[in-house]
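Presented below is the structure to which this report refers.
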Amino acid sequence: MNRLKMRGRIVELFGTQQRFAQHLGQTEQTVSKKLHGKSDFSQEDIVRWCDALKIPTDEVGKLFFAD
């Protein structure tokens, strides 16, 4: 996952990771674990995060599956 791009997008659109987590209906700890690779993303997570962060389909691979 490209954590830097993902965090940048979260801050750009939500201001804080906490607000982003609230928007998703998740805890900040859950979001943090996913961002740090300590918890896996389900397909549903990826869809919800893409919707919330307005990630175009062609960028999904670059953000979620990049080394």
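The values are calculated or read from the model by the stated rules, or taken from the named source; none is laboratory data. Quick caveat, the model's predicted, so the values are computed rather than measured. Glycine gets a Cβ as well: all are built from the backbone with ideal geometry, and neighbour counts include every protein chain shown. Ligands, DNA and RNA are excluded from the accessible area calculation, which covers all protein heavy atoms including side chains. Shrake-Rupley method; radii C 1.70, N 1.55, O 1.52, S 1.80 Å.
For segment 18-46: of the residues being among the β-branched types (V, I, T) and closer than 15 Å to M1 by Cα, which is most open to solvent (accessible area, probe 1.4 Å)? Among those that are among the β-branched types (V, I, T) and closer than 15 Å to M1 by Cα, it is I46. Screening K54, K5, K62 for residues that are open to solvent by 60 Å² or more (accessible area, probe 1.4 Å), on the phi > 0 side of the Ramachandran plot, touching a residue at least 40 places away in the same chain (Cβ under 8 Å) and not polar (S, T, N, Q) leaves exactly one candidate, K54.
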